[in-house]
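Student: Starting off with a structure, shown below.
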Amino acid sequence: MRKFISGNDAVAEAVRLACPQVISAYPITPQTTVVERLSEFVETGSLDAEFVHVESEHSALSVAMGASLAGVRTFTATSSQGLLYMAEVLVYASGGRFPIVMMNANRSLALPWNIYGDQRDSVSQLDSGWIQAYAENAQEALDMTLIAFYVAEHPSVSLPFMVNLDGFQLTHTYEVADIPDMEEANAFLPPYETENRIDFDHPRNFGFSAGPEWNAGFHKAHHEAAIRVRDVVNEAEAKFAEVFGRRYGGLVDAYRCEDAEYILVSLGCVSGLCREAADSLRNEGVRAGFLRLRYLRPFPDAEILEAVKGAKALAVLEKDISFGNKGTVCVNVESAIAGLGVATLNAIGGLGGADIGLGRIREVFLYLRGGKRGIVWL
């Protein structure tokens, strides 16, 4: 069924199809309509779930973690300052290996206070141990949310998954998307199972302390599970293509990079304009390409290296800045290509919801071609 829906509605539709048994909800702009829509599904009976309206974002993730520990599929959603309020629980959820799926509506952080979209909230939590993916449009937001449940709950992973949507630009923009039926969703997503739960017949210890002799071992196992996400994403997307007929490219999406001399790297809903800019420059004889990062954790080092190995220079366009350094995404990309000797430019744009137009993106390519390096602010 095709519907004209927002990015937030697309996420809610995917969650309905995933049939979680517990949804913990606290409203925060621009995420609120996700949990509002889910509350309507529960009220009308189209989703059989326990909807828990909690008193804070910290509590929202705590409830999700407790429900996951009880052995059920869970979902929650947040944004911006709410994600930061969850920060303590983020590392509890990942360290405890609870396969929670959470949608984050990317929004700027205070101060100055701002409700509009950039990616400083989720990027600040890259080291929290969660899988992180970034949707480009409403269809991918829906599909990525379904895939998130598959990946998070996979027995070789068992890690929480954060699906990120650009605030307002994607969360509140309406477009046509295909909504699967429940039979298709059930064919793709297996029933919830996990060994990481309370079982009175097989007692376990959860939330324990670990001293120096054991602590690193737990973190190593966590890291190895995060690395396995790469293969599980490929497995999930292959099955998704079989069931739904839509195929994605794994951790990255490369566009006209095969022979590109100048490559722009970015993520999120600005990607369509980046492709358009690359096309327009190609028409002018500039061999431009675009590489979209679909996942920031696990970080697609090998995929980036393969995509840009023939380039003269690349620019990273991001809605983030690590004050006193470059943008965090750029630093990660530079680490991946350190041995290539490819020159880089970091373009910082979209902070606080500032518009990034096609002309500005073309400028970034031209800056790159003209030999500009370091940081440019759009």
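The values are calculated or read from the model by the stated rules, or taken from the named source; none is laboratory data. Everything quoted here is computed from the prediction, not taken from an experiment. When we count neighbours, we look across all protein chains shown, and the Cβ atoms used for this are built from the backbone with ideal geometry, even at glycine.
Student: Determine whether Ile131 is surrounded by fewer than 24 Cβ atoms within 10 Å (Cβ to Cβ) and closer than 27 Å to Gly272 by Cβ.
Tutor: no
Student: How about the range 124-140: which of its residues are in a helix (DSSP H, G or I) and in contact with an Asp or Glu (Cβ under 9 Å, 6 or more places away or on another chain)?
Tutor: Of all residues in the range 124-140, those in a helix (DSSP H, G or I) come to 126-128, 138-140.
Listed by number, the residues that qualify are Ala138, Gln139.
Student: While we're on this one: Would you mention how many residues in the range 186-195 are modelled with pLDDT of 90 or more and part of a loop (DSSP other than H, G, I, E, B)?
Tutor: Kept after step one, since they are modelled with pLDDT of 90 or more, are these residues of the range 186-195: 186-194.
Now drop any that are not part of a loop (DSSP other than H, G, I, E, B), which leaves 189-194.
Final tally of qualifying residues: 6.
Student: If we keep just the residues of the range 87-105 that are in contact with a Ser or Thr (Cβ under 6 Å, 6 or more places away or on another chain) and not in a helix (DSSP H, G or I), which is farthest from Gly66 (Cα to Cα)?
Tutor: The extreme case among them is Ala105.
Student: Only one of Arg97, Arg107 is of a type in the set (D, E, K, R) and surrounded by 23 or more Cβ atoms within 10 Å (Cβ to Cβ); which?
Tutor: Arg107
Student: Does Ile115 satisfy the criteria of being in a helix (DSSP H, G or I), hydrophobic (A, V, I, L, M, F, W, C) and not assigned by TED's automatic domain parsing to the domain that holds Pro298?
Tutor: Spelling it out, it is not the case that Ile115 is in a helix (DSSP H, G or I), hydrophobic (A, V, I, L, M, F, W, C) and not assigned by TED's automatic domain parsing to the domain that holds Pro298.
Student: Can you find a residue in the range 49-56 that is surrounded by fewer than 23 Cβ atoms within 10 Å (Cβ to Cβ), farther than 22 Å from Gly245 by Cβ and in contact with a Phe, Trp or Tyr (Cβ under 7 Å, 6 or more places away or on another chain)?
Tutor: Step one: filter the range 49-56 for residues surrounded by fewer than 23 Cβ atoms within 10 Å (Cβ to Cβ), giving 49-56.
With the extra rule that they be farther than 22 Å from Gly245 by Cβ, the set shrinks to 49-56.
Going one step further and asking which of them are in contact with a Phe, Trp or Tyr (Cβ under 7 Å, 6 or more places away or on another chain), we end up with 54, 56.
Yes - at least one qualifying residue is present in the range 49-56.
Student: Taking only the range 309-326 into account, find how many residues are crowded, with 24+ Cβ neighbours inside 10 Å and farther than 19 Å from Asn104 by Cα.
Tutor: Residues meeting the conditions: 4.
Student: Report the residue count in the range 356-377 for those that are surrounded by 18 or more Cβ atoms within 10 Å (Cβ to Cβ) and either outside the structural domain of Val342 (by TED's automatic domain parsing) or not aromatic (Phe, Trp, Tyr) (or both).
Tutor: Number of matching residues: 7.
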